[in-house]
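All remarks here apply to the structure that follows.
The values are calculated or read from the model by the stated rules, or taken from the named source; none is laboratory data. Fair warning: this is a prediction, and the values are worked out from it, not measured in the lab. Here Cβ is always computed from backbone atoms with ideal geometry, including for glycine, and neighbour counts include all displayed protein chains. Protein only, heavy atoms only, side chains kept; ligands, DNA and RNA dropped before computing areas. Shrake-Rupley method; radii C 1.70, N 1.55, O 1.52, S 1.80 Å.
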Amino acid sequence: MNEHTVTAEIVAEHGLTREEYTRIEAAMGRAPNLLELGIYSVMWSEHCSYKSSRRHLKKLPTEAPWVIQGPGENAGVIDIGDGQAAIFKMESHNHPSFIEPYQGAATGVGGILRDVFTMGARPVANMNALRFGAPDHPKTRHLVEGVVAGIGGYGNCVGVPTVGGETNFDPAYNGNILVNAMTVGVADTDRIFYSAAAGIGNPVVYVGAKTGRDGIHGATMASAEFSEDTEEKRPTVQVGDPFTEKLLIEACLELMSTDAIVAIQDMGAAGLTSSSVEMASKGAVGLRLDLERVPQRESGMVPYEMMLSESQERMLMVLKPGREAEAEAIFRKWDLDFAVIGEIVEGRNLTLTFHGETVGDIPVPSLVDDAPDYDRPHTPTPARDRAEVPAPGDPVGDLVDDLAGAIKRLIGGPSLASRRWIWEQYDSQVMADTVAGPGGDAALVRVHGTDKALAISTDVTPRYCYADPFEGGKQAVAETWRNLTATGATPLAITNCLNFGNPERPDIMGQFVGCIDGMAAACAALDYPVVSGNVSLYNETNGVGILPTPAIGGVGLVRDVSARAAAAFAGAGQTILLIGK
Amino acid sequence: MKARIYVTLKEGVLDPQGAAIRGALANLGFEGVEGARQGKFIELVLMEDDRDKAEASVKAMCEKLLANTVIENYSFELE
Amino acid sequence: MKARIYVTLKEGVLDPQGAAIRGALANLGFEGVEGARQGKFIELVLMEDDRDKAEASVKAMCEKLLANTVIENYSFELE
Amino acid sequence: MDSAVLVFPGSNCDRDMAVALESVTGRTPIMVWHKETDLPKVDVIAIPGGFSYGDYLRCGAMAAQSPIMPALAGAARAGMPILGVCNGFQILTESGLLPGALMRNGKLKFVCRDVKLTVTAGDSRFTAGYGRGSAIHLPVAHHDGNFVADGDTLDRLEGDDRVAFTYSDDINGSARRIAGILSENRRILGMMPHPERAVDPLHGGTHGRALFESLLG
Ligand SMILES: Nc1ncnc2c1ncn2[C@@H]1O[C@H](COP(=O)(O)OP(=O)(O)O)[C@@H](O)[C@H]1O
């Protein structure tokens, strides 16, 4: 099998530094083979290991009496009363969406949905936070059309309403658009599923779509700074299949209504690698996968490709012994692949076999606990001159004497113009529980069969974060809090997607640290914890970074939806009050 | 001059439509369909009479608009 | 045996996709595109070696599923 | 009144349809999986919206070939009231139970919004509660709602008073702004707008209720 010897060049191609490679050799007590190197490169990528951000994320408040599960699982879980929980998370799909806007955005929606239904929730709402380059940049129109069509194409088909989001334009995103997608789901608190594997001898089961050679290296790609030739290389992008995802949602929820599942994890950006490693790591068990049993879409696939494939619409789970047939019947009914591909074993190793031969054997703790954790140098953002900060839309300084003209220009400009063109392409009403869809302060989605509603809002103002990361981070959290409050909801918790440039630059790292400190301060002051999130770094092309963009997704609860508030003035003769300074 | 353009997914790219077609044909009792791929078929009527010019122009149309060369291949015939 | 199937809109059926292609090509500066129609191109791999049987079977597949004969025509080649 | 809702892989308005039917009829609808070959004894059958088979190939094409469809055709011949909404309408045209076809929207984009409709048809099992000519609002949410048929068919539909609803504005390029049509015996209705999304005051409108109430007779 892995007859390749690992050369310095191969190490570099995997996005690992010399020091990181030395660490791998030390952890393994020998040189890794190519398959093992591939697995380390995935697990130690910025995307999976959070090596530049981990120590800073620890500063965010994550606890409150209503938090059932904070960061660390597939999604965060909060208690919404009556034995029910809201489960939610936000995630980025920035680089793939720049390369192939339709499929990049579509698979972004697919990925975040899986994070949520993996935990036992039926997804009830999608949101999307989008940043594009200047409206007159030659690429912008194509990117906007593709991203919006992709989000709609996936979300509409799976039958989850897209109820809101936000859209900004700024030249800083010309070479790096941001596509952040959020999903909110609802589960019963006694039916929440986690990823920790357990039970020596329990079967490890693969379900969903077959594995192809999709996006091999995709996870490492998302961690490497773009250079101008990225488009030429045309890396494999994944094609999403929302129809299969819809079947997967129904099949998983059907199996989850039994007690056959021990643990379950979706195959995210790093596919079989991250799912199997995370399940083994959380459960402190060993895991063996017999790779020839993986359902394959293409012939001649080798273990390296199977472990690194990013094929979509797949899940990994551990079942209780003897429950395979029952589970298989459910997945067959939904025309999905089902295969027992391994088992939980003694020890702490991930052991990979292929036709009976051991092709890889890695101590799991070394993949997770020994992953690099960098304290990257960071310099605080200097106080900026007004002129340095992007304007809040079209300038109206010349119209001081013409208020109507100024308002017209403002609401006609790209920052404030109506987003109807976008959200009319999304089915915002399927499931028939949307009480307030796009167009207001926060979306309201009734919890099916109750009088409660979840309020959801995504916000951040990147130019504030650029001017002053601490105040900008604070403001983004506070804005979601205000938007939720404005519907009559009690804000409960947030998720986030932290989009920044190259963390190896101290000024960018300074923006990152500043925003986190600001977010932490606001969350603490508002008793509004962070329960999940995602970090996307290296959003930079040829040394030009994006504006610091920590997108916040807030979720709140309206106990009696008939008592909600709406944004529109309801009639003539009513009193208008201004609250606050 | 007429151009008949075929746009197909690259090898190895997931083709959900093709897979669904194969499944539906099997459900309908058509056995022995080993593979199915769905692509696009575009017909253009061109004002151009010069074959070489038409060829260059259709190629450019495919690259720029008709095919998404990240995931698709194209081929064409002129007549 | 392989089947290459072309599904096209019947004459007289308005083709919004074709019209959009034509408009987009014009916007991109491609002049002289007089007409554009978009159809489907489906490739099947069949286990059948008998040409006549394959032909009958593909015809049935087109009639039953692959084309909607209210609005579409189809044609195919076997190879 | 008892009802059944057909469920195909990829249906996603099946629950919404069931909730709407239950809220009007007071009886829980029977959900019928597409692989069944018999229909339960009910008074109305609904085919819900969604993306059966992912809308791959053509919307509704694969669902129209499902095992349950011969039974549905039999029920149709026997005069059973059948309601197809959105993807359900597409399935009805693909299976030949209603004439015409639904193509990609004229502007090629998915469109989700409230639209103004005219109830064009006189009496039918579905429209009786509205009264001919009344103006109503219902949501649409579709990518392929552009109704196409040849001129003769369109003339016949209009001449026989079988156009149930028309859009007040051009929403999707539909021939003669047709939003919904009836079968020859007036007992099958296919429509793109979603009445089941307009039965509860929280939906923002309740003009869909009268359609279900008409069924109660
Ligand atoms: N990408 C999007 N997807 C869905 N809805 C969106 C999107 N962008 C904006 N919206 C909706 O448009 C409305 C206005 O957006 P925005 O100007 O960002 O809101 P605000 O500044 O009031 O928070 C909001 O209701 C929002 O939910």
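The residue of segment D:37-54 that is farthest from the other protein chains (Cβ to nearest Cβ), among those that are in a loop (DSSP other than H, G, I, E, B) and more than 17 Å from D:A18 (Cβ to Cβ), is D:K41. Considering only segment A:446-463, I want to know if a residue exists there that is open to solvent by 10 Å² or more (accessible area, probe 1.4 Å), part of a helix (DSSP H, G or I), over 25 Å from A:G108 (Cα atoms) and away from the ligand (no atom under 16 Å from the Cβ). Scanning segment A:446-463 turns up no residue that is open to solvent by 10 Å² or more (accessible area, probe 1.4 Å), part of a helix (DSSP H, G or I), over 25 Å from A:G108 (Cα atoms) and away from the ligand (no atom under 16 Å from the Cβ). Sort out which residues of segment D:55-99 are more than 19 Å from D:E196 (Cβ to Cβ), within 14 Å of chain B (Cβ to nearest Cβ) and part of a loop (DSSP other than H, G, I, E, B), and write them in order of number. Residues satisfying the conditions are D:Y56, D:L57, D:R58, D:A61, D:M62, D:S66, D:P67, D:I68, D:S95. Hey, any hits in segment A:469-489 for a residue that's out of contact with any Asp or Glu (no Cβ under 8 Å at 6 or more places or on another chain), away from chain D (no Cβ under 14 Å), within 16 Å of the ligand (Cβ to nearest atom) and at pLDDT below 95? Among the residues of segment A:469-489, not one is out of contact with any Asp or Glu (no Cβ under 8 Å at 6 or more places or on another chain), away from chain D (no Cβ under 14 Å), within 16 Å of the ligand (Cβ to nearest atom) and at pLDDT below 95, which makes the answer no.
The set of residues from segment A:490-528 being in contact with a Cys (Cβ under 9 Å, 6 or more places away or on another chain) and within 16 Å of the ligand (Cβ to nearest atom) comprises just one member, A:I494.
For segment A:430-439, name all the residues that are within 13 Å of the ligand (Cβ to nearest atom) and at negative phi. A:T434, A:A436, A:G437, A:P438, listed by residue number. When you scan segment D:105-122, do you find a residue that is of a type in the set (F, W, Y) and either more than 14 Å from every other protein chain (Cβ to nearest Cβ) or open to solvent by 40 Å² or more (accessible area, probe 1.4 Å) (or both), even just one? Checked against the condition, which is being of a type in the set (F, W, Y) and either more than 14 Å from every other protein chain (Cβ to nearest Cβ) or open to solvent by 40 Å² or more (accessible area, probe 1.4 Å) (or both), segment D:105-122 yields no hits at all. Residues considered: A:G108, A:G120, A:G164, A:G150. Of these, the only one that is away from every other protein chain (no Cβ under 14 Å) and within 13 Å of the ligand (Cβ to nearest atom) is A:G108.
Return a yes/no flag: does segment A:474-484 have any residue that is charged (D, E, K, R), farther than 22 Å from A:V147 by Cβ and assigned to a loop (DSSP other than H, G, I, E, B). Checked segment A:474-484: no residue is charged (D, E, K, R), farther than 22 Å from A:V147 by Cβ and assigned to a loop (DSSP other than H, G, I, E, B). The residues in segment A:254-302 that are open to solvent by 30 Å² or more (accessible area, probe 1.4 Å) and among the hydrophobic types (A, V, I, L, M, F, W, C) can be counted, and the count is 4.
Answer with yes or no whether A:A442 is within 15 Å of the ligand (Cβ to nearest atom), in contact with a helix residue (DSSP H, G or I) (Cβ under 7 Å, 6 or more places away or on another chain) and open to solvent by less than 50 Å² (accessible area, probe 1.4 Å). Criteria met by A:A442. Of the residues making up segment A:407-427, those that are more than 8 Å from the ligand (Cβ to nearest atom) and open to solvent by less than 10 Å² (accessible area, probe 1.4 Å) number 2. Picking from residues in segment B:55-70 that are within 10 Å of another protein chain (Cβ to nearest Cβ) and at pLDDT 95 or above, the one that is farthest from B:L9 (Cα to Cα) is B:S57. Sort out which residues of segment B:1-41 are among the aromatic types (F, W, Y) and free of Cβ contacts under 8 Å to residues at least 60 places away in the same chain, and write them in order of number. Passing the criteria: B:F30, B:F41.
Condition check ((1) open to solvent by 30 Å² or more (accessible area, probe 1.4 Å); (2) without any contact (Cβ under 8 Å) to a residue 60 or more places away in the chain; (3) within 30 Å of A:K474 (Cβ to Cβ)) across all residues:
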{"position": "A:V11", "(1), (2), (3)": "no, yes, no"}
{"position": "A:R18", "(1), (2), (3)": "yes, yes, no"}
{"position": "A:T22", "(1), (2), (3)": "yes, yes, no"}
{"position": "A:L35", "(1), (2), (3)": "no, no, no"}
{"position": "A:L57", "(1), (2), (3)": "yes, no, yes"}
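Scan segment A:445-459 and give yes if some residue there is among the β-branched types (V, I, T) and at the interface with another protein chain (Cβ under 7 Å from one of its Cβ atoms), otherwise no. So far as segment A:445-459 goes, no, none of its residues is among the β-branched types (V, I, T) and at the interface with another protein chain (Cβ under 7 Å from one of its Cβ atoms).
Take segment A:376-412 and flag every residue that is aliphatic (A, V, I, L, M) and farther than 30 Å from A:Y50 by Cβ.
Filtering segment A:376-412 down to residues aliphatic (A, V, I, L, M) leaves A:383, A:387, A:389, A:391, A:396, A:399-400, A:403-404, A:406-407, A:410-411.
Selection gives A:A387, A:A391, A:V396, A:L399, A:V400, A:L403, A:A404, A:A406, A:I407, A:L410, A:I411.
Conditions (1) in contact with a Pro (Cβ under 8 Å, 6 or more places away or on another chain); (2) without any contact (Cβ under 8 Å) to a residue 60 or more places away in the chain, marked per residue:
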residue	(1), (2)
A:K320	no, no
A:A329	no, yes
A:V340	yes, no
A:T353	no, no
A:D370	no, no
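Considering only segment A:115-158, how many residues are of a type in the set (D, E) and not in a loop (DSSP other than H, G, I, E, B)?
Within segment A:115-158, residues that are of a type in the set (D, E) and not in a loop (DSSP other than H, G, I, E, B) number 2.
Scanning for something farther than 24 Å from D:E213 by Cβ and in contact with a strand residue (DSSP E or B) (Cβ under 7 Å, 6 or more places away or on another chain), does segment D:12-21 turn up at least one residue? The answer is yes; a qualifying residue exists.
For the structure I just gave you, tell me whether B:N73 is at the interface with another protein chain (Cβ under 8 Å from one of its Cβ atoms) and open to solvent by 20 Å² or more (accessible area, probe 1.4 Å).
Working: at the interface with another protein chain (Cβ under 8 Å from one of its Cβ atoms): no; open to solvent by 20 Å² or more (accessible area, probe 1.4 Å): yes.
No; evaluated as a whole, the condition is false for this residue.
For segment B:1-47, filtering for residues that are more than 7 Å from chain C (Cβ to nearest Cβ) and over 20 Å from the mean Cα position of the chain (by Cα) leaves 5. Only one entry of A:L336, A:L308 meets the criterion of being open to solvent by less than 50 Å² (accessible area, probe 1.4 Å) and more than 30 Å from A:R191 (Cβ to Cβ), and that entry is A:L308. Filtering segment A:354-393 to residues that are at pLDDT 95 or above and surrounded by fewer than 13 Cβ atoms within 10 Å (Cβ to Cβ) leaves A:H355, A:G356, A:E357, A:T358, A:D375, A:P377.
Out of A:A371, A:A391, A:A417, A:A432, report the one residue that is assigned to a loop (DSSP other than H, G, I, E, B), of a type in the set (G, A, S) and under 30 Å from A:M279 (Cβ atoms). Talk me through it step by step, then tell me what you get.
Numbers: A:A391 fails: under 30 Å from A:M279 (Cβ atoms); A:A417 fails: under 30 Å from A:M279 (Cβ atoms); A:A432 fails: under 30 Å from A:M279 (Cβ atoms).
Among A:A371, A:A391, A:A417, A:A432, only A:A371 is assigned to a loop (DSSP other than H, G, I, E, B), of a type in the set (G, A, S) and under 30 Å from A:M279 (Cβ atoms).
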